[in-house]
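The values are calculated or read from the model by the stated rules, or taken from the named source; none is laboratory data. These numbers come from a predicted model, not from an experiment. Virtual Cβ from ideal backbone geometry, glycine too; neighbours counted across all protein chains shown. To get the accessible areas, we keep the full protein, side chains included, count just its heavy atoms, and leave off ligands, DNA and RNA. Shrake-Rupley method; radii C 1.70, N 1.55, O 1.52, S 1.80 Å.
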Amino acid sequence: MRLQAEDKVEVGLMEQETGSLAFGGKDAVEPPQLRLDVGHETQEEPGNSGVDLIYSINDRPPWYLCILLGLQHYILAFSGILVIPLILADHICITDNVATSQLISTILFVSGLCTLLQTTIGIRLPILQGGSITFLTPALAILALPKWQCPDSNQSANLPMQVENGNSSLQKENSDDVWMTRMCEIQGAILVASLLQVVLGLSGLVGFILKYIGPLTIAPTLNLIGLSLFIEAGKKSGSHWGIAALTVCLILLFSQYLSKVNVPLIGYKDKKWQVFQYPVFKLFSALLGMCGAWLFCFLLTVFDVFPSKSDEYGFLARTDINLQAVVQAPWLYLPYPGQWGVPTVSVSSVLGMMAGILASTMESIGDYYACARLSGAPPPPSHAINRGIAVEGFGCILAALWGTGSGTTSYSQNIAGLSITKVGSRLVLQTTGILMIIMGIFGKFGAIFITIPVPVIGGMFLIMFGMIAAVGISSLQCVELNSSRNLLILGFSTFSGLVLPTWFQANPGIVNTGVKELDQVIVVLLTTHMFIGGLFGFVLDNTIPGTDKERGIRNWQDNVQEDVRSTDVSCYDIPLCGAVFNRYKCFRYLPFLPSYMKATQRISK
């Protein structure tokens, strides 16, 4: 996956260093020696023709660029990560803002750990891991049980009197005991249910199912990842459509209209200052767009242009709404396993959470294909997908041990960010993981991003989730779209993936089998858009008669297999372990290792 320097870049100012330009090598050249030739396509990876990237999956940008690009991904993911503890805090009866900030620090810390694991030994694609709303649905179903209802509000009304009587410390201990007990129940459910995802990955069952998955299964799954979040994007953008439109326009301006405009910068190299051209707008389009709108909102807030009353339109565009959270956030907080107590396990909670695990697995498989395409990597082989799902399960176990209140999964908005920024480097996402760990430890730095106005996040969602839906549509290029069979499967699976979850969310009590645990499983599955669309697409495509050419399954699988066999797929290998795996035959029977794929190829030959 190394770039051919002579075809992709022009090296100016230092002709003697032309031969050292190899982004994928150990001695990656610094940007001051580069001037990108924007008149040509930057890359054309095998199996990913048309993908225009500045940095591909194995490329190693300089450390300072990794920090800036990693911060850009952090901002893209922050709103999705933040919504988990904010929603969960009310349902687990947290009344202390300090406890909420500790929960935010914990989920940031664990998300960073899981991102490093996934990008290093998991699927090894530039894919970010974070808290998932998929796990929030079964968690809220568990907390809705009568025994987990929050104490009577009249009890909290006595707090001032108890504080005056000198019992404030005792009251705080009782309050902590209330929410920590509920958190331990959620932790236990995630901990046990995550073992299912680990088994699915390590046993190779996920890779086996992939043999029957074609474009008509992948397309609705990816479509619904983006389309299902239109309500969330609309709510955030609707808080101030002007600011949301400004964010969209800025991102479009930097990523499209100015993408071929290089900015002259000054750098110091070899004891002298040099002027070089660099595609700043193309690399940092999302970061510049959001920061520009953020700054504009800050100025309007300072001059008191936005309303100061929470019930007036435009209030959520202010940047001083969550300043109190920044003040109350601790300077230093180190999350640790078991900080809320020992996880507790109940059958009903585990079964409900297993539904979230299955839905998350289905979503992640679609994310892997999208991320591979947008990062310049070949389609992921089965062993990489098996290992990625297993590592996601292990990440959920870590989330349960630390107590984030949610499992972890792949973040679609960051995958969409790859297509906007044209940077698919794995090292950038590993840097993001390190930044998330640091932000989780230093609470006040992470809390600063809470001040990003809601409509700015909404404008970013409009761009990012639209890109994910478009990636889903692009996977249909192998399918005969003139076939009424294919149109029926595509239309029905996509439309049902929107209708059924929306209806069941509006009618939460409609499912009543008489078995509480079964009800929770059914509700979680039927309210997950990606699961419904992918399930219908999978079943209909494999049961309705149709030729392989008509279904696109032959071209799809042939392209994938050809890319896997003919393309260097070393980007999916576990680092520093290849020699060991190839030396001992026992590793050839483990479907989550690269040696398993090589042994299979030898047998087929």
Test of understanding: what is the full-extension gain from Val261 to Phe208, defined as 0.36 nm times their sequence separation minus their Cα-Cα distance? 14.5 nm
Taking a crude spin-label model, label points 7 Å out from Cα along the C-beta direction, the Leu481 to Lys309 distance in nm is 5.0
Accessible area per residue, Å², segment 462-523 with all protein chains present, probe 1.4 Å: 53
What spacing in nm lies between the two simple spin-label points modelled at Lys271 and Val98, each 7 Å away from Cα in the Cβ direction? 5.7
Ignoring ligands, DNA and RNA, what percent of the 1.4 Å accessible area of segment 373-510 is carbon and sulfur? 75
Starting at the first residue of segment 273-281, write each ³J(HN,Hα) from the Karplus equation 6.51 cos²θ - 1.76 cosθ + 1.60 with θ = phi - 60°, in whole Hz, x for Gly and Pro. 7, 9, 9, 9, 9, 9, x, 4, 5
Sorting Asp541, Asp90, Asp320 on solvent-accessible surface, 1.4 Å probe, most exposed first, gives Asp90, Asp320, Asp541
Once amide H atoms are placed 1.01 Å from N in the peptide plane, what residues at a sequence separation of 5 or more from Gln129, or on another chain, have their amide H within under 5 Å of its amide H? Thr115
Share of accessible surface on carbon and sulfur in segment 226-344, whole %, 1.4 Å probe and ligands ignored, is 69
Label-point separation in nm, Ile231 to Val199, each point 7 Å along Cα→Cβ: 3.3
Sequence of Trp503, Trp294 from largest to smallest accessible area, 1.4 Å probe: Trp503, Trp294
If the label point is 7 Å along Cα→Cβ of Tyr589, which residues in segment 198-217 have backbone nitrogen under 18 Å from it? 202-205
Förster radius 60 Å - calculated FRET efficiency between Trp148 and Asp548, Cβ distance, rounded to 0.05: 0.75
What accessible area per residue comes out for segment 229-323, rounded to a whole number of Å², with a 1.4 Å probe? 56
